[in-house]
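Laboratory data are not the source of any read-out in this text; all were calculated from the coordinates shown. Computed from a predicted structure; not experimentally measured. Cβ placement follows ideal geometry from the backbone for every residue including glycine, while neighbour counts extend to all protein chains displayed.
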Amino acid sequence: MNIMKKHEDVILFGWNENPFTFKILPDIFIGYENEIQSILSGIKGNSKVTIILGPTGSGKTTLLKHLIKNKLSSKNILYLPKPPRDPADLVNILMNFTKNSIFRKLLSRKKDVNLYNIADYMNSKIKNGHVLLVIDEANESTTETMEWLRTLSDQITNMTLVMAGLPVLENKMKSELETFYRRIDNSVKLTNLNQMETRELIKRRIERAGGEGLKPFTPRMVDMIYEKTGGFPREILRMCNSYVNEAIKKNITMIDVDLKSDIEDVKEHSVVRNAPAFRRQESKTVYDSIEEMPQKQKDIIDILSSHIKGLTPTEIVSKMNLKSYKNRDNAIRSVNNILRRMGDEGSVIRERRGKAYKYSLSGKLRTATVKS
Ligand SMILES: Nc1ncnc2c1ncn2[C@@H]1O[C@H](COP(=O)(O)OP(=O)(O)O)[C@@H](O)[C@H]1O
Ligand SMILES: [Mg+2]
């Protein structure tokens, strides 16, 4: 223990750090067991392209790091936190596979390896081995990088490509990278934890910080957090964090549903967010989740559904009834926020138009609104 000035959490709950940050902790990975099995058996079966989809905070990065650290032998795995903007960078990146490995010598001797010949090199060096290229935040990739990834994945025989990204990645690939999309032979979606897993996540986080069990949360409080967040990992952490902060402010050492009612207003906003649309146990159709959406979001969907070519946020606001907003600026800000969130969930598609962005409904949502 050091003599650093202790944070209030420590004094009140006996923790040595805040358990509820968004830190990536690969050793505390809960649930998603089927998804992990599916990814692992894909890799074992020499899957060419595995894709992991989930909204921000569903656990993609943690899952990848957990797999690499705890589930795969670490040889010949390359993890990229995001795809390179310039496809030419893939050459150096792939050359890294050869670091500390038998094929380094031959590769590094050759000066003029480039995108057009690296596949041959890799093949001659990998031989019967197997390499795993893992790319996080793949939805941020340029189309050009994606096209080269597809080509290299086709041509490097024993390479499995694992890409993780927001759900929008799937739509993007479907519409702009059809050939690549058809190469995907294993696809998993991260949605949410179940009730027991939610409990486990909270408990493991608290125990890691030096606490005991679920304390200061009561079991029924934890169940309520599950209900409220739909088991969505980032929201669980966010919600626990705000309750803890609130308890500290009020000097309360047990967080039960009573405290909850005191501070409900503050939380209500940040809570469910992504959860309903991605809840695993419930019906998966988008139509159901539209029913559950807040009115403001429904209004936007309504307007977008009759403008297939897309609208900018300002154009959307000009078609809206502004009664439920303070003023026009406020409406634009709110619309922008809602659109950003919907973009994360893959329910709208964003394209540049001059200085602004225009938004249109993604395929799945369009189908759903036609039905309604
Ligand atoms: N299944 C899980 N088990 C434990 N912690 C998780 C899980 N999923 C997400 N988290 C935690 O939630 C936060 C957000 O997860 P992250 O991996 O960054 O999501 P993403 O990469 O999908 O945006 C991180 O603090 C992470 O440790
Ligand atoms: Mg991530």
- Note on the structure: Counting Lys and Arg as +1 and Asp and Glu as -1 over every other residue whose Cβ sits under 14 Å from the Cβ of LYS326, the net charge comes to +3
- Would you tally the net charge around SER153, using a Cβ to Cβ cut-off of less than 9 Å, leaving SER153 out, and scoring K and R as +1, D and E as -1? +2
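I'd like the FRET efficiency for ARG352 and ASN241, computed as 1/(1 + (r/R0)^6) with the beta carbon distance as r and R0 of 35 Å, rounded to 0.05.
Numbers: r = 35 Å, r/R0 = 1.01.
Plugging the Cβ-Cβ distance into 1/(1 + (r/R0)^6) gives 0.50.
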- Message: Can you tell me the mean projection area, over all orientations, of the convex hull of the stretch 132-220's alpha carbons? Units nm², please.
- Response: 8.3
- Report the calculated FRET efficiency for THR179 and SER41 (r = Cβ-Cβ distance, R0 = 35 Å), to the nearest 0.05. 0.90
- Item | Computed E for ASN336/ASN128 - FRET, C-beta separation, R0 45 angstrom, nearest 0.05 | 0.30
- Using 7 Å Cα-to-Cβ label points, what is the ARG234/LYS298 separation (nm, one decimal)? 2.6
- Message: Order 47-53, 308-314 from most to least packed using the mean count of other Cβ atoms within 10 Å.
- Response: 47-53, 308-314
- Note on the structure: Links exceeding 20 Å between C-alpha atoms in this model, out of LYS69/LYS127; LYS82/LYS228; LYS60/LYS358; LYS23/LYS44; LYS71/LYS215; LYS215/LYS249, come to LYS69/LYS127; LYS82/LYS228; LYS60/LYS358; LYS23/LYS44; LYS71/LYS215
